[in-house]
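One structure, pasted below without further comment.
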């Protein structure tokens, strides 16, 4: 059966959809020795999903630095707790600058700008879902709407404004963070499939 997609997805319909869950393994990386092992593994993968989280600030004029960098494969997600590290560790910088592995995310301009407040780097091969999705005639820019449109499932956003610098990330935070990176892989692969099949 052909996939039916629409230009813009009605936000009210999203609440009627089943909630998506990430069923893969989630690894929390909060020290530099673990960073090396994680990045070495990620550098062997053909495609990576990418996202960041920052502690929200409700005080005008005050901004926090990126607290979490999420990098996902098709069935695993690595949560790098940058707030526990100095700047951005060299192995992560090498991953960000790598041009041999495609990394897909959504709204990457803001992610890159915010990561550069921690350390300067030149981004390697990145693809922004917001640029790709227009090839299917979809006008929505939010991850939740795009995902609902393509997969008829809801990405819950309840944890978005939670404290990403908390001593311990809750299971709900881990799920939210993993899904945001992993969903980018699913969306990218689906876009390619739909464009190929017309």
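Since every read-out is calculated from the coordinates, none of them should be taken as a lab result. Not measured: the values here are computed from a predicted model. Counting neighbours? That spans all protein chains shown, and the Cβs are built from the backbone with ideal geometry, glycine included.
Could you work out [θ]222 nm for the chain from helices alone, using -39500 (n - 2.57) per DSSP H run of at least four and dividing by all its residues? Round to the nearest 500 deg cm²/dmol.
The helix-only estimate for the chain comes to -10500 deg cm²/dmol at 222 nm.
To two decimal places, what compactness ratio does the stretch 149-198 give when its Cα radius of gyration is scaled by 2.2 N^0.38 Å?
Against the compact-globule rule of thumb, the ratio is 1.47.
Mind ranking 89-95, 170-176, 143-149 by how tightly packed they are, going by the mean number of other C-beta atoms within 10 angstrom, highest first?
The packing order, highest mean first, is 143-149, 89-95, 170-176.
Continuing with this model, one more query. Could you pull the Cα extents of the chain along its three principal axes, largest to smallest, in whole Å?
That works out to 49, 39, 32 Å along the principal axes.
A follow-up question, please. For the pair residue 197 and residue 141, how long in nm is the line joining their label points, each one 7 Å along Cα→Cβ?
For residue 197 paired with residue 141, the spin-label model returns 2.9 nm.
Now a separate question. Quick one: work out the % antiparallel among DSSP beta bridges in the chain, nearest 5.
Around 50 percent of the beta bridges assigned by DSSP in the chain are antiparallel ones.
Let me ask another. So which residue, out of 20, 12, 53, gets the largest mean-square fluctuation from a GNM of the chain using Cα contacts under 10 Å as springs?
12
Using 0.36 nm times the number of residues separating residue 16 and residue 45, minus their current alpha carbon distance, what extension gain do you get?
In short, 6.9 nm is gained.
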